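Trainee: Dropping the structure in here first, questions after.
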Number of protein chains: 2
Amino acid sequence: MEKKVTTLDDVAKKAGVSRITVSRILRGSPNHRPRTISLVNRTAKELGYRPNAIARAFRTNKTGVIGLLVQRSKEHDLLGEIFYSTLISTLETRLIQKDYSILLGGVSYEDIISRQMPSIVQQGYCEGVVTLRIDDDEYLRELNRNVGSVVTLDFKTQCVPSVSVAHYRGGFQMGRHMIQLGHRKFAFLTAPNPSGNFGSSFDGFRAALAEADLSQDVPVASCNWASAQQPAIQRLMTTGHDFTAVFCANDYLALVAIREFRNMGLRVPEDISVAGFDDLETSILSSPALTTIRVDRKAMGEHAVDLILGSLKSDRKSKDYTGLNIEIPVELIPRDSVIPNKRNV
Amino acid sequence: MEKKVTTLDDVAKKAGVSRITVSRILRGSPNHRPRTISLVNRTAKELGYRPNAIARAFRTNKTGVIGLLVQRSKEHDLLGEIFYSTLISTLETRLIQKDYSILLGGVSYEDIISRQMPSIVQQGYCEGVVTLRIDDDEYLRELNRNVGSVVTLDFKTQCVPSVSVAHYRGGFQMGRHMIQLGHRKFAFLTAPNPSGNFGSSFDGFRAALAEADLSQDVPVASCNWASAQQPAIQRLMTTGHDFTAVFCANDYLALVAIREFRNMGLRVPEDISVAGFDDLETSILSSPALTTIRVDRKAMGEHAVDLILGSLKSDRKSKDYTGLNIEIPVELIPRDSVIPNKRNV
DNA sequence: AAATAGAATATTACCGATACCATTAAAAAA
DNA sequence: TTTTTTAATGGTATCGGTAATATTCTATTT
């Protein structure tokens, strides 16, 4: 006695109608006698009938599956980054409501360079794909060639609809905030340029400096992810700079920076103010509580879902979303890691 | 000009062989003339043929998809929890290597109570399912009835194979550690009992107290997740307890506790030592760096994958994994949030 | 050269649903 | 009542693969 699944035919036979009638009724077609409808529904329930999604997908060419593509790498794992896990959670919740499921896919840096499509795409399981911070235009175009609908999250591009963060604006706000508190000399802490988002933050920051007629010649420490952040930070300190505030590309780096500064005997924020970007759930819990730029990840996820679903429906004839970019606004969250500068005020 | 996909028939026609020959050759069957093999391979490449995974899944009844089931709730989102995101990342990486993909599924608490199967299961997309900390035996059994292979992560059970954490052992180690540092009075900080894991930690902790002939009557503060942790913690402090060390069910709660204690004017760790459980990536960055119990999440993910794949292969006839439990060992990571007790030493 | 074994390839049926078109039954109009 | 229209239902082909079985072809044996 293996598993025996009930099919449409079983239901049809038992109910004494044709298979297609059962199919239509179960899908909610109204063009049937109430008697037949209730008979079929009852019979289906009795037999414990469950439509076979694979068969349906096969026939209709609609899988009800959206791929979620993240970049994977040895040293640093986007999926494991808390910023993204919140995002993913939002995507899942909202897509389920629309009867879609999420299929996870990882691509390595090498895959991207060699234009290697992930297996979930090759196999044709996905009706559409949402990418997380995949920043290679050519790769996105190739994806689009394979999947029909692609939406990019956390990277602004012209070749597919995208949802991005107002990094420039966030950097600008942080710049103003620090200047307002009396800081005049700054440093940046970043990771090796993922997707230029960090670059935008710093451009915005510099714009604030320009506005205040301050030197935009800001020293930059570029850290690797996994480890080896210390050298970059130490180098920053030992090259004779006299900054009083550091703007970090994200909250995680800010925490690292705070630890390193303290290891060097500096007090944060008394000697150096440190700010982050993202406002992770835990950033309010750090000590000092982190001054940062809040990003509405929920809104990001929701917009991404709306974009991808909208772009699915459009059978070439309806609205074209290509190049449509939604920029999520940000908000400065002043807390305790950035304080007025005693030296320059 | 819509999308035209090349099928086996197209390749077969162009190569002048039968469809099934193409199918077999592309799947690597050796029983063919080398000439035919290379001809078919060449033709397939020329036409850019990609096997249709849905059609194949339909025919073979093998989807190559593993479901990942997490509990979802308004106030607290497991998917968004960093502990799990690392786990998920590991699962994904390892499953891809075995040519499987991950389909994400969420279940609410209500779903579990009402034995409502998630859509990814109902639809029959999954060959197997890995659950994350779903702690209802009856629900797991029902799942197993629907999917064939189920493996539970972060919850120990007898009804399906499971991978769990040595919570008891971890609690025990932490107890010993604190006692060794001179602490005699303790408190627990936990969340409303998810899955009894937290309970095991505290049982282990108490066992260490018993070993040292200390009172096991430890006050407990039970916090909600999202917010409202303050009241529970304040209540703990204002009921005349005189503990010097607090063992928290996880690192996140430990951070919350530290903040609350400080808000009440207490110093951590000078006045109160605080310890967590999990060793999140960021826990070494907090100040003070968190003393905690390290859980090898990578090992958890790897074992889960091995279990689920092994249990897929077993067509009832081979090994039966039911009730097999793998317990992941833990390790005490002493850092700066637990220090020797000045009062009692 | 005929018989036979084994390797290579082909035929056919089928997985479970839906699309499309045809048909029948019931209601409305003549 | 007969015809026409409309609602309800049925028949058949089909999506793109693979399993099982049948057939051809090649090589070996006698």
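Derivation of every value follows stated rules applied to the coordinates shown; laboratory data play no part. Bear in mind the structure is a predicted one, so any value in this text is a computation, not a measurement. Note that we place each Cβ from the backbone using ideal geometry, even for glycine, and neighbour counts take in every protein chain shown.
Trainee: Can you tell me the mean projection area, over all orientations, of the convex hull of the protein assembly as shown's alpha carbons? Units nm², please.
Mentor: The orientation-averaged projected area of the Cα hull of the protein assembly as shown comes to 36.9 nm².
Trainee: Cα centroid distance between the stretch B:228-277 and the stretch A:236-301, in Å?
Mentor: Cα centroid to Cα centroid, the span is 24 Å.
Trainee: Provide an ascending nm list, one decimal, of label-point separations from A:Gln158 to the equivalent residue in each further copy; define each label point as 7 Å from Cα along Cα→Cβ.
Mentor: Shortest to longest, the spacings are 6.6 nm.
Trainee: Let me ask another. For the stretch A:115-252, with only Lys/Arg (+1) and Asp/Glu (-1) charged at the beta-carbon, what is the dipole magnitude about the Cα centre, in debye rounded to 20?
Mentor: Dipole about the Cα centre, nearest 20: 140 debye.
Trainee: Can you run phi through the Karplus equation (6.51, -1.76, 1.60; θ = phi - 60°) for the stretch A:91-98 and list ³J(HN,Hα) in whole Hz, with x for Gly and Pro?
Mentor: So the J values, rounded to whole Hz, are 4, 4, 4, 6, 6, 4, 4, 9.
Trainee: With each run of n ≥ 4 DSSP H residues scored as -39500 (n - 2.57), what mean residue ellipticity at 222 nm is computed for chain B after dividing by its residue count and rounding to the nearest 500 deg cm²/dmol?
Mentor: That comes out to -12500 deg cm²/dmol.
Trainee: Rounding to the nearest 10 and keeping the result within 0 to 90°, find how far the Cα-based axis of helix B:167-180 lies from the longest principal axis of chain B.
Mentor: Helix B:167-180 sits roughly 30 degrees off the main axis of chain B.
Trainee: Most exposed first by the Cβ proxy, i.e. fewest other Cβ within 10 Å, how do B:Glu211, A:Glu127 rank?
Mentor: Neighbour counts put them in this order, fewest first: B:Glu211, A:Glu127.
Trainee: The stretch B:85-144 to the stretch A:7-59: how many Å between their Cα centroids?
Mentor: Each part's Cα centre sits 28 Å from the other's.
Trainee: Then there is this: What residue among B:Leu312, B:Ile333, B:Met300 has its Cα farthest toward the positive end of the dipole of the stretch B:262-342, where the charges are +1 on Lys, Arg and -1 on Asp, Glu, each on the Cβ?
Mentor: B:Leu312
Trainee: Only bridges whose two residues both fall in chain A count here: according to DSSP, what percent of them are antiparallel, nearest 5?
Mentor: Of the beta bridges lying entirely in chain A, close to 10 percent run antiparallel.
Trainee: Also: Please label the shape of the stretch A:239-300 as rounded, prolate or oblate, based on the square roots a ≥ b ≥ c of the eigenvalues of the alpha-carbon gyration tensor (a/c under 1.5 means rounded; beyond that, a/b larger than b/c means prolate, else oblate).
Mentor: In terms of gyration-tensor shape, prolate.
Trainee: On a 0 to 90 degree scale, rounded to 10, what angle separates helix B:197-211 from the longest Cα axis of chain B?
Mentor: 40 degrees
Trainee: Could you list B:Met174, B:Met117, B:Met237 so that the one with the fewest beta carbons within 10 Å of its beta carbon is first and the one with the most is last?
Mentor: B:Met237, B:Met117, B:Met174
Trainee: Whose amide H sits under 5 Å from the amide H of A:Ile293, counting only residues 5 or more places off or on another chain, with H placed in the peptide plane?
Mentor: It is A:Gly276, A:Phe277, A:Asp278, A:Asp279, A:Ile333, by chain and number.
Trainee: Along Cα→Cβ, 7 Å out, is where each label goes; now give me the distance between the ones at A:Arg33 and A:Thr239 in nm to one decimal.
Mentor: Placing both labels 7 Å beyond Cα along the Cβ direction yields 8.6 nm.
Trainee: Here's a follow-up. Using only the alpha carbons, work out the radius of gyration and Dmax of chain A in angstrom.
Mentor: Answer for chain A, Rg first and Dmax second: 26.2, 89 Å.
Trainee: Nothing charged except the Cβ atoms of Lys and Arg (+1) and of Asp and Glu (-1): what's the magnitude of the dipole of the protein assembly as shown about its Cα centre? Round to the nearest 20 debye.
Mentor: So the magnitude is around 3240 debye.
Trainee: Can you list the distances in nanometres, one decimal and ascending, from the B:Leu47 label point to the identical position in each other copy, with the point 7 Å along Cα to Cβ?
Mentor: 3.6
Trainee: To continue, here is another question. How far apart are the B:Ile333 label points across copies, placing each 7 Å from Cα toward Cβ, in nm, shortest first?
Mentor: Relative to the other copies, B:Ile333 has label-point distances of 2.3 nm.
Trainee: Cα gyration tensor of the stretch B:4-51, axes a ≥ b ≥ c as square roots of the eigenvalues: rounded (a/c below 1.5), prolate (a/b > b/c) or oblate?
Mentor: prolate
Trainee: Still on this model: Tell me, Kirkwood radius of the stretch B:71-186 from alpha-carbon pair distances, in Å?
Mentor: 16.1 Å
Trainee: For the stretch A:12-106, with the dipole built from +1 on Lys and Arg beta-carbon atoms and -1 on Asp and Glu ones, taken about the Cα centre, which of A:Val65, A:Thr93, A:Ala15 lies farthest toward the positive end?
Mentor: Value: A:Ala15.
Trainee: Which one of B:Leu104, B:Gly28, B:Phe247 has its Cα pushed farthest toward the positive end of the charge dipole of chain B, where Lys and Arg give +1 and Asp and Glu give -1 at the Cβ?
Mentor: B:Gly28
Trainee: Hey, another quick one. Just rank B:Ile54, B:Ile333, fewest to most, by other beta-carbon atoms within 10 angstrom.
Mentor: B:Ile333, B:Ile54
Trainee: Give A:Lys185/A:Lys342; A:Lys298/B:Lys98; B:Lys62/B:Lys298 a once-over and call out the pairs whose C-alpha atoms are over 23 Å from each other.
Mentor: A:Lys298/B:Lys98; B:Lys62/B:Lys298, as the Cα separations exceed 23 Å there.
Trainee: How are the alpha carbon pair distances in the stretch B:120-224 distributed across 5 Å bins from zero to the largest one, expressed in percent?
Mentor: Reading the bins upward from 0: 3, 12, 19, 17, 13, 11, 10, 7, 5, 3, 1, 0.
Trainee: Give me the one-decimal Kirkwood hydrodynamic radius in Å for the stretch B:1-159, with the sum taken over alpha-carbon pairs.
Mentor: Taking every pair of different Cα atoms in the stretch B:1-159, averaging 1/r and inverting gives 18.4 Å.
Trainee: Among B:Ser200, B:Ser119, B:Ser23, which one shows the highest mean-square fluctuation when chain B is modelled as a Gaussian network with alpha-carbon springs under 10 Å?
Mentor: Among B:Ser200, B:Ser119, B:Ser23, the largest GNM mean-square fluctuation belongs to B:Ser23.
Trainee: Against the longest principal axis of chain A, how steep is helix A:229-238, in degrees 0 to 90 to the nearest 10, with axes from Cα atoms?
Mentor: It works out to around 20 degrees.
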